[in-house]
Amino acid sequence: MIEIVAFPDEGLGNSSYLIDGGDGSAIVVDPVRDLEPYRRGARERGLKLAGAIETHLHADFVSGAGALAADGITVAVPAAAAPAFPHRPLADGDELPLGDAIVRAIETPGHTPEHLSYLILRDARPVGLLSGGALLPGTVARTDLIAPEETEPLARRLHRAVHERIAPLPDDVIVYPTHGGGSFCSVAATGERTTTIGRERAANPVFTQSEDDFVAGLLAGLGSYPPYFLRLREVNRRGASSDGPLSLDRLAPDDAEAAMRGGAELIDVRSARAWADAHIPGSLSIELRPAFASWLGWLVDRDRPLLFVIDDAQSRGELIRACRSIGYDNLIGEIDGGIDAWRDAGRALSRVEVVTDPVVDGPLLDVRQDSEFTAGHVPGALHVELGALADAPTLPPSLTVMCGHGERATTAASVLERNGHRGVRVLAAGPGDWHRTTGMPLERGA
């Protein structure tokens, strides 16, 4: 009996899988860098972790495949990925035993050129599809992560691959995608983690639209993505080590200040409200929450040493895992005693006003993604995506910043403050709150 256990990452919007083949061994599919959850999952089920398979070279997280290979575990990888670590290359039609089942590689290029999906068969009957980025609930993964000139050709290859290789599968085959809602690799994904071929055949544009219409719609829906996506494919091709910091050193305020003078980036991971109430001037606010890693990778240079302000109640382990999940390993520590120690040492603190009334006077800056802004925004609001704010054109010196709930707006306020803006306020409300308060319709379009 095959059991497939999902390991979702809410922040990055991905799922990896541990598959129990029923013979005492297990394989992991698209593993992330932190391997302990898979090892623990295997131990709890009395299984030996015997292998791993990758659907493609990932751009949005550091894979654990290289570390598993270094531990002597067989890692099967699309041959066209040409990884630098020991591996078993797979091509279209290659098969792997999985207990009383078989895993068959299916060539499904599009999300990436080397992409393979994996069909699980029992008694020669398809029962599951590990689809990676080739097929997601209601959508597919984006095709613009290689090069601009490859975006449309890859979209066309994806449409053809789905119709030629996936469409013939029975309706009841369960689809286990790697990417999902919240992943910048996906395009307008739903919140569902799994689906079936039948459900997708009925409603997914990749099935229901012609190639030209599908490509046009897909390309029109491609938004921005974090710049770290452009380097992680190569990181994963080389293979990343599982080694790294397990704890944070504690730096006294004097040492922390010296580190910042030496180029360290100070990141305040406390709640958005805590940062607004009191923060170290020049600190970047990125609240430690599921989306932390994505915004860290979007706003901070990977090569800079990272220094943190963190509350005692927050998890250092969670922070370290989030950083390392996208390859940020240069973690020099946290300020010992946090914001209170900084204040007690006689150093200056800043604050930003938080506004709760969604009806504000003066310029209003919306820092949500383009797609969110287009779907509905406060009339007259300025708009710059948070990821582009550091390089934004001239903005009013005093303004109120908004997003959906306040976290991204607070990050934006910290970016603006670092760029010399004074009088910035944070709106702890979103467009929906404005609509409910005023009874007026939101404006749509760019």
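No value in this document is a laboratory result; all are computed from the given coordinates. Predicted, not measured: the structure shown is a model, and the values here were computed from it. Reconstructed Cβ throughout: ideal geometry from the backbone, glycine too, with neighbour counts over all protein chains shown.
Please give the contour-minus-distance gain from Ile174 to Arg231: 0.36 nm per residue of separation, less the Cα-Cα distance, rounded to one decimal in nm.
Result for the pair: 17.3 nm of gain on full extension.
Once you compute Rg and the Kirkwood Rh from C-alpha atoms, what is the Rg to Rh ratio for segment 250-344?
Ratio of gyration radius to Kirkwood radius: 0.92.
Would you mind calculating the gained length between Asn419 and Glu353 on full extension (0.36 nm times residue separation, minus the Cα-Cα distance), in nm to one decimal?
Gain in length upon complete extension: 22.0 nm.
Set the Förster distance to 60 Å, then compute FRET efficiency between Glu44 and Thr394 from the Cβ-Cβ distance, nearest 0.05.
Computed FRET efficiency for Glu44 and Thr394 comes out at 0.60.
Translational diffusion coefficient, Stokes-Einstein: compute it for the chain using the Kirkwood radius over C-alpha pairs as Rh, at 25 °C and 0.890 mPa s, and state it as an integer in µm² s⁻¹.
Estimated diffusion coefficient is 105 µm²/s.
Using the 2.2 N^0.38 Å rule of thumb for compact globular proteins, work out how segment 3-238 stacks up: its C-alpha Rg over that value, please.
Working it through for segment 3-238, the quotient is 0.94.
With +1 on the Cβ of every Lys and Arg and -1 on the Cβ of every Asp and Glu, and nothing else charged, how large is the dipole of the chain about its Cα centre, in debye rounded to the nearest 20?
Value, rounded to 20: 160 debye.
Report the FRET efficiency, 1/(1 + (r/R0)^6), for Leu246 and Asp344, where r is their Cβ-Cβ distance and R0 is 41 Å, rounded to 0.05.
0.90
Using 1/(1 + (r/R0)^6) with R0 = 41 angstrom and r between the beta carbons of Ser210 and Asp92, what's the FRET efficiency to the nearest 0.05?
Approximately 0.95, to the nearest 0.05.
How big is D, in µm² s⁻¹, for segment 353-438 by Stokes-Einstein at 37 °C and 0.692 mPa s if Rh is the Kirkwood radius over C-alpha pairs?
Roughly 262 µm²/s, to the nearest whole number.
Is it possible to state the helix-based mean residue ellipticity at 222 nm for the chain, with each DSSP H run of 4+ residues giving -39500 (n - 2.57), the sum divided by total residues, to the nearest 500 deg cm²/dmol? What is it?
That calculation yields -7500 deg cm²/dmol at 222 nm.
Report the gain in length on full extension from Asn330 to Asp254: 0.36 nm times residue separation, minus Cα-Cα distance, nm rounded to one decimal.
That pair, Asn330 and Asp254, stretches by 25.4 nm at full extension.
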